[in-house]
Amino acid sequence: MADRREYYRQYRKRNRARIAAMKRQRLLLRREAARVFMWRVRRETVCVQCGRQPVDFHSDAHLTQPRSRISNLVSRGATIGRIMRELQRCMPLCRRCHVALDGRMERIRAARRSAQAGAT
């Protein structure tokens with residue numbers, strides 16, 4: 001057992017660059033597969049509130065766990081299964097409904113009102 005462990009340690013040491021290149025290649029392939037998968041999902045998905053497209057995926061958990069956002073998972077090359085599990089937790093919303101739901105629309109309107117009041 002110790003001989004095998006030592007052999008693999010030496011193998012990894014001798015082939016460090018080759019192993020790193022293979023890891024990078026696998027990551028690029030997973031990332032591309034995730035992008036194509038999400039492109040297909042977004043093409044077929046409509047907003048649950050108004051039926052518009054294109055959609056973003058909303059979940060309240062994304063505020064406390066930003067690494068679980070769909071875009072982060074895709075850019076990190078997460079597996080399709082991991083992305084599908086996150087999609088099941090999310091609600092597809094168009095940009096307008098997403099902004100209204102998470103409160104950004106009210107903040108935008110308040111900022112406009114205060115800017116207009118300050119300008120006059």
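The values are calculated or read from the model by the stated rules, or taken from the named source; none is laboratory data. What you see is a predicted model, and the numbers here were worked out from it, not measured in a lab. FYI the Cβ positions are ideal-geometry reconstructions off the backbone, even for glycines, and counts take in every protein chain you see.
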Inter-residue pairs, beta-carbon under 9 Å, first part of a loop (DSSP other than H, G, I, E, B) and modelled with pLDDT of 80 or more and in region 81-108, second surrounded by 14 or more Cβ atoms within 10 Å (Cβ to Cβ) and among the hydroxyl-bearing types (Ser, Thr, Tyr), 6+ apart: 90/59
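So, in region 1-43, exactly how many residues are in a helix (DSSP H, G or I) and more than 16 Å from residue 82 (Cβ to Cβ)?
We begin by selecting, within region 1-43, every residue in a helix (DSSP H, G or I); these are 2-14, 16-43.
Now narrow it down to the ones that are more than 16 Å from residue 82 (Cβ to Cβ): 2-14, 16-25, 28, 39-40, 42-43.
The qualifying residues number 28.
I want to confirm something. Restricting to region 44-54 and keeping residues that are outside any helix (DSSP H, G or I) and of a type outside the set (A, V, I, L, M, F, W, C), which single residue is surrounded by the fewest Cβ atoms within 10 Å (Cβ to Cβ)?
51
Restricting attention to region 101-115, which residues are within 23 Å of residue 68 (Cα to Cα) and loosely packed, with under 14 Cβ neighbours inside 10 Å? Break it down stepwise before answering.
The initial filter retains those residues of region 101-115 that are within 23 Å of residue 68 (Cα to Cα), namely 101-104.
Of everything in region 101-115, those that are within 23 Å of residue 68 (Cα to Cα) and loosely packed, with under 14 Cβ neighbours inside 10 Å turn out to be 103, 104.
Quick grid of which residues meet (1) of a type in the set (D, E, K, R); (2) buried (at least 16 other Cβ atoms within 10 Å of the Cβ):
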site	(1), (2)
9	yes, no
13	yes, no
21	no, no
56	yes, yes
62	no, yes
68	no, yes
87	no, yes
96	yes, no
